[in-house]
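J.: So that we are looking at the same thing, I have put the structure below in C-alpha cells.
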2 protein chains.
Amino acid sequence: MTNIKKVSELAGVSTATVSRTLKSPDQVSLATREKVLEAVKAAGYRPNWLASSVKSGRSNTIVVLVPNLVNPFFMRIIGGIEQAAQEKGFSVLLGDTQGSPAREHEYASMVLTNRADGLIQLDHSFPFSAADADLAEDLPMVSVCERIASEKKYPVIELDNYAASRALAHHLLGYGHKHFAAIVGQVSSQIYRERLAGIRSVLQEEQIPFEQAQITGGAYTIEAGIAGVEHLLSLPQRPTAIFCFNDDIAIGAVHAIKKAGLRVPEDISVVGFDNIKVSAFIDPPLTTVDQPAYDMGRRAVEVLVSQIRGEPLVRSKEVLPFQLIERESSGPAPL
Amino acid sequence: MTNIKKVSELAGVSTATVSRTLKSPDQVSLATREKVLEAVKAAGYRPNWLASSVKSGRSNTIVVLVPNLVNPFFMRIIGGIEQAAQEKGFSVLLGDTQGSPAREHEYASMVLTNRADGLIQLDHSFPFSAADADLAEDLPMVSVCERIASEKKYPVIELDNYAASRALAHHLLGYGHKHFAAIVGQVSSQIYRERLAGIRSVLQEEQIPFEQAQITGGAYTIEAGIAGVEHLLSLPQRPTAIFCFNDDIAIGAVHAIKKAGLRVPEDISVVGFDNIKVSAFIDPPLTTVDQPAYDMGRRAVEVLVSQIRGEPLVRSKEVLPFQLIERESSGPAPL
DNA sequence: TGTGTCAATGTTAAGGTTTACATTGGCTAA
DNA sequence: TTAGCCAATGTAAACCTTAACATTGACACA
C-alpha cells in the first residue's frame, strides 16, 4: 500500500505538505507543489478514502432503501437520486429490502455506524429496528412517494395522490363509466389510503357506489393485476373501468382482460399510475398518471443533504406535480 | 458522538475489552460481557464502521457500474448482485454511468482509494482512466454479459451469445423465414459481434443472404426499436423476421410494426433477447432468449469476492445457460 | 512454597489522513 | 539593525477501532 508517508519521503517533505498539496494547493508554494505531485505520480498514490472519512466523521454516502429493484418506477427515482448525489459529492449505497423488515433494519443501521450519513426510504415503513429507534431520533432521513410511519415527521417528497386519483376518476366519469373497480397494490400504505379516498370522494359526489368487493390487490406486480382481473370478472356485476394503482398492475390487467376475450377499452377501461416507459408502447397504450420520478429522486437528495449539513428544514413535505396522461386504454363505457 | 472510550469508562473496563465483547465475545468473561453490553446499551453505542474499516484496510464494499439503471435486465442482475453481496457481508455502491467514460473513471477510481474493494462492470469498456490504468492492473474486477476491452483478461460471467443467436435463427428458419433483419443495440460491443456472428453462421449454412442494410441500431431502447422498424419498412425488400438484440428494442419494434398497420407475427415475426418480465405480457407475448440475470449477478459477486480474498482464479470465463422462450411474437413466414 | 499455565484484561501502537499549533526564514518598515 | 509580519512548512495530536504484546492473578502440581 502506498500511503501518504511514502510520498512525503519521496518528495522530501512532510505528510502535511502532501495532504495540503492535494486538498488545498493554494497553501503550498509552486515549487513544492510540483515536487509533491511528481512524487504522487511516481508512487502511484491515491489518498485512502477510508482514512480521510474516519477523520472527518463523514462518509459522504447515502443509503437508499428500495422495496423492489425491478420496478422501473423506483429505478427512475433512483436514477435521480444517483445523479443528484453525484453532483453533491455523495455516493449511493443500494439497499434492496424486498419489503423485509430485517433487511430494512440492517441497511438503516448503516446510518448509525457511520457507514452512511443519511437514508432515503422508498417504502412506507420506519426502517429502524425497535432497538435502534431511539438512536435514530435525529438522523437525516427522507422518504419519497410514501410517508414514513412514525411519530416524528420526517421530510417527504410526494405526489398529491388524492388529487391525481380524483383526476383519473373524473376522466373515467367523463367517458360515462358507472361501474368501477380498483386493483390497489400494497394495502396499509399511505398511498393506498389517499388514492382510494380520492376515487371515493369523486364517486360519492356523483352518488356512484363503490363496494368493497370491487377492491382487490396485494402487490404492485403484473401478477397482481392478472389475479385482480380474474377476481373482478368472476363478480356478478362486472366493472367497466378499473383503477390500477401502478402501471405494472395495469399491464397485468390489460393482459388478463384480453386473454378473457374482452377488449380494452371497448369492454373495460384500464388506467394505471406512474407512467413507466413501457406503458406508452403496449397495446393499447396506457392511460396513467405521470409522476416526476427522476425529479422526486433529485429533490430527495437535496433535502437529505441539507439535513446532513445541519441546515434548518424549510418544508417537511414537498408535493410535486402530477400529470394525467390520456391514452387509449380508457374510452367510452360500453352501452 | 459516543465512542468506544466512553463505553469503556462507563463499564469500567478498557477499550480493548469493549471491542472484544462485541467482536469476539468468547474471549471475555460472562460477568464483564454483561457489564459491557449494558454500558453499550446505556450509551447507545454503535461501532464506527469507518474506523474499523480503515484499520482492516477493507471496505467490504463493491461498486457496480451500470450503463442504464432503468433497463430491467440490468436491474435483475443487480438484484442478484445485491443479494449475494449481502450474504457475503458486502454492500453495493451504485454507479450509474449512462455510458459516460468520465463517470466510469470516477466510479472505477473508488477501488483505488479504498472506497470499494472491487468492481463489477456491466458494460464492455475498461472503466479506468488512462492515468489510472497501470494502478488498476491487479484490482478485483469482474464483468457480466459483456467482456471488458483490455489486454489483461478479467473474469467474465456471460452467456453463449453465439449459440443463443443460432437458436433464435433456427427457430425462425423453422417457420420458413427467408428475409431477415436485425436491430442490434449498441454496436462495437462483444455481444454485438457474437450475436451477429451466430445469426450469420446459420444463415450462411442455409445460403440465405443477410445484407448490411438490414442491420440497424444504436441503443438498447424502445425508441431504437421503433426507429429500426421505420428504417426497415422503408427498404425495398421488407424483412419477414426481425432479430432484436434486447426485449426493449423488440417492444419498440412490435409497437412500430402494429402502428404501421402490419401484424405480428402474421406479417413480421419479432424475437427479442433477455426475457424481461413484461415481455410475457405484451401483445403478442415475445419470443426471446432467457438469460439467468439474477444468477449472473450472484455468480459475479462470488467470483469477485474470491478475487478480493486473494483466492486463485478458477475460471476466467463462466458461461451460463440460456433458454429459448417461444411465444407468439414469432410464427410462420407470410406466403 | 514455588513455578508454570492459562484465562481475563490492560496498554499501547498501528492503520492513513487531516489539522491545530509551532517553527522557520525571508522580507518590510521604522 | 531589528521588530514584526507572513508565507511555507513541519510536528504531532486527533479521528476511532483493533490487535499484538504485556500484565495480572487464580489455580494446579510438584
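The values are calculated or read from the model by the stated rules, or taken from the named source; none is laboratory data. For clarity, every value in this text was computed on a predicted model and none was experimentally measured. FYI the Cβ positions are ideal-geometry reconstructions off the backbone, even for glycines, and counts take in every protein chain you see. The protein model used for the area step is the full one, side chains on, heavy atoms only, and it has no ligands, DNA or RNA in it. Shrake-Rupley method; radii C 1.70, N 1.55, O 1.52, S 1.80 Å.
J.: Cβ under 11 Å from B:CYS244's Cβ, B:CYS244 left aside: what net charge do those residues give with Lys, Arg +1 and Asp, Glu -1?
T.: Computed value for this residue: -2.
J.: Then there is this: Count the net charge of all other residues whose Cβ sits under 12 Å from the Cβ of A:THR2, scoring Lys and Arg as +1 and Asp and Glu as -1.
T.: My count for the surroundings of A:THR2 gives +3.
J.: Related question: How much area per residue is accessible in the range B:161-291 when the probe is 1.4 Å and only protein heavy atoms are counted (Å²)?
T.: 35
J.: Order A:41-54, A:65-78 from most to least packed using the mean count of other Cβ atoms within 10 Å.
T.: Details: A:41-54: 18.4, A:65-78: 24.3.
The peptides rank, most packed first, as A:65-78, A:41-54.
J.: Further question: What's the extension gain from B:GLU206 to B:VAL187 if we count 0.36 nm per residue and subtract their Cα-Cα distance?
T.: Taking 0.36 nm per residue and subtracting the Cα distance, the gain is 4.3 nm.
J.: Something else now. Helix A:72-87 versus the longest principal axis of chain A: what is the Cα-based angle in degrees, 0 to 90, to the nearest 10?
T.: Taking Cα atoms only, the helix is inclined about 20 degrees.
J.: What is the diffusion coefficient of the range B:1-112 in µm²/s, taking the Kirkwood radius over Cα pairs and the Stokes-Einstein relation at 4 °C with a viscosity of 1.567 mPa s? Write out the running numbers ahead of the final one.
T.: Details: Rh = 16.9 Å.
D = 77 µm²/s.
J.: With a 1.4 Å probe and every protein chain left in place, work out the accessible area per residue of the range A:4-47 in Å², rounded to a whole number.
T.: Solvent-accessible surface per residue comes out at 62 Å².
J.: Give a quick list of GluC sites (Glu not before Pro) in the range B:145-214 that DSSP marks as loop, anything other than H, G, I, E or B, with at most 16 other Cβ atoms within 10 Å.
T.: For GluC sites (Glu not before Pro) across the range B:145-214 that sit outside H, G, I, E and B with at most 16 neighbouring Cβ atoms in 10 Å, the list reads B:GLU151, B:GLU206, B:GLU211.
J.: Based on DSSP H runs of at least 4 residues, each adding -39500 (n - 2.57), what is the mean residue ellipticity at 222 nm of the protein assembly as shown after dividing by all its residues, to the nearest 500 deg cm²/dmol?
T.: -12500 deg cm²/dmol
J.: Moving on. Note the buried accessible area between B and A here, summed over both chains, with a 1.4 Å probe, in Å² to the nearest 100.
T.: Interface area, both chains combined: 4700 Å², rounded to the nearest 100.
J.: Follow-up question, since we're still on this one. With chain B treated as a Gaussian network of Cα nodes joined by springs under 10 Å, which of B:LYS35, B:LYS178, B:LYS259 yields the largest mean-square fluctuation?
T.: Maximum among the listed residues: B:LYS35.
J.: Within the range A:320-335, find all residues whose amide N lies under 20 Å from a label point positioned 7 Å from the Cα of B:LEU233 along Cα-to-beta-carbon.
T.: Correct set: A:328-329.
J.: Next up: Mean-square fluctuation check for chain B, GNM, Cα pairs under 10 Å: which of B:ASP96, B:ASP134, B:ASP117 is largest?
T.: B:ASP134
J.: In peptide A:220-230, how many Cβ atoms from other protein chains are near each Cβ within 10 Å, on average?
T.: For this peptide, the per-residue mean of nearby foreign Cβ atoms is 1.
J.: Given N residues in the range B:161-291, what is Rg(Cα) / (2.2 N^0.38 Å)? Let's see the in-between values first.
T.: Details: Rg = 13.0 Å, N = 131, 2.2 N^0.38 = 14.0 Å.
Normalised by 2.2 N^0.38 Å, the Cα Rg of the range B:161-291 equals 0.92.
J.: Applying 1/(1 + (r/R0)^6) with R0 = 22 Å to the Cβ-Cβ distance of B:GLU38 and B:LYS5, what FRET efficiency is obtained, to the nearest 0.05?
T.: With a Förster radius of 22 Å, E is 0.85.
J.: Relative to the longest principal axis of chain B, what angle (0 to 90°, nearest 10) does the C-alpha long axis of helix B:190-205 take?
T.: The angle comes out at about 30 degrees.
J.: Under a plain spin-label model, where a point goes 7 Å from the Cα along Cα-to-Cβ, how far apart in nm are A:GLU151 and B:ALA163?
T.: Inter-label distance under the simple model: 6.1 nm.
J.: Count the DSSP beta bridges whose two residues both fall in the protein assembly as shown, then state the antiparallel fraction as a percent rounded to the nearest 5.
T.: On the way: 9 of 69 bridges.
So the antiparallel bridges amount to about 15 percent of the total.
J.: Here is a follow-up. Quick check: at a probe of 1.4 Å, how many percent of the accessible area of chain A sits on carbon and sulfur atoms? The partial results should precede the final answer.
T.: Values: 7140 of 13750 Å².
Answer for chain A: carbon and sulfur cover 52 percent of the accessible area.
J.: Now, a different point. In sequence order, what are the phi-derived ³J(HN,Hα) couplings for the range A:262-279 according to the Karplus relation 6.51 cos²θ - 1.76 cosθ + 1.60 with θ = phi - 60°, rounded to whole Hz, with x for glycine and proline?
T.: So the Karplus estimates, Gly and Pro as x, are 9, 10, 10, x, 4, 8, 9, 8, 10, 10, x, 7, 3, 6, 6, 3, 5, 4 Hz.
J.: Looking only at A:ALA227, A:ALA136, A:ALA213, which one moves most when chain A is put into a Gaussian network model with springs between Cα atoms under 10 Å?
T.: Most flexible of the set in this elastic network: A:ALA213.
J.: How many Lys pairs in the range A:4-47 lie less than 15 angstrom apart by Cα atoms, where the lysines are 8 or more positions apart or on different chains?
T.: Value for the range A:4-47: 4.
J.: Related question: Which whole-number percent of Cα pairs in the range A:235-317 have a distance greater than 19 Å?
T.: Roughly 51 percent, rounded to a whole number.
J.: Would you jot down the residues in the range B:94-116 that end up with at least 40 Å² less accessible area in the complete protein assembly than in the chain alone, with a 1.4 Å probe?
T.: B:LEU94, B:ARG103, B:TYR107, B:THR113, B:ASN114, B:ARG115
J.: For the protein assembly as shown, just the Cα atoms, rotate onto the principal axes and tell me the three extents in Å, largest first.
T.: 80, 68, 51
J.: Residues of the range A:74-93 that become at least 10 Å² less accessible with every protein chain present than in their own chain isolated, using 1.4 Å: which are they?
T.: A:MET75, A:ARG76, A:ILE78, A:GLY79, A:GLU82, A:GLN83, A:GLN86, A:SER91, A:VAL92, A:LEU93
J.: For the residue pair A:GLN27 and B:ALA213, what label-to-label distance in nm results when each label sits 7 Å from Cα along the Cα-to-beta-carbon direction?
T.: 6.9
J.: Compute accessible area for the range B:28-55 by itself and then with all protein chains, 1.4 Å probe, and report residues whose area falls by 50 Å² or more.
T.: B:ARG46, B:TRP49, B:LEU50, B:VAL54
J.: Once you compute Rg and the Kirkwood Rh from C-alpha atoms, what is the Rg to Rh ratio for chain B?
T.: Looking at chain B, the ratio lands at 1.15.
J.: Continuing with the same structure: Over chain A, what is the relative contact order in percent, taking alpha-carbon pairs closer than 8 angstrom and at least six residues apart?
T.: Computed value for chain A: 17 percent relative contact order.
J.: Excluding A:ASN275 itself, calculate the net charge of residues whose Cβ lies under 14 Å from the Cβ of A:ASN275, where each Lys or Arg counts +1 and each Asp or Glu counts -1.
T.: It works out to a net charge of -3.
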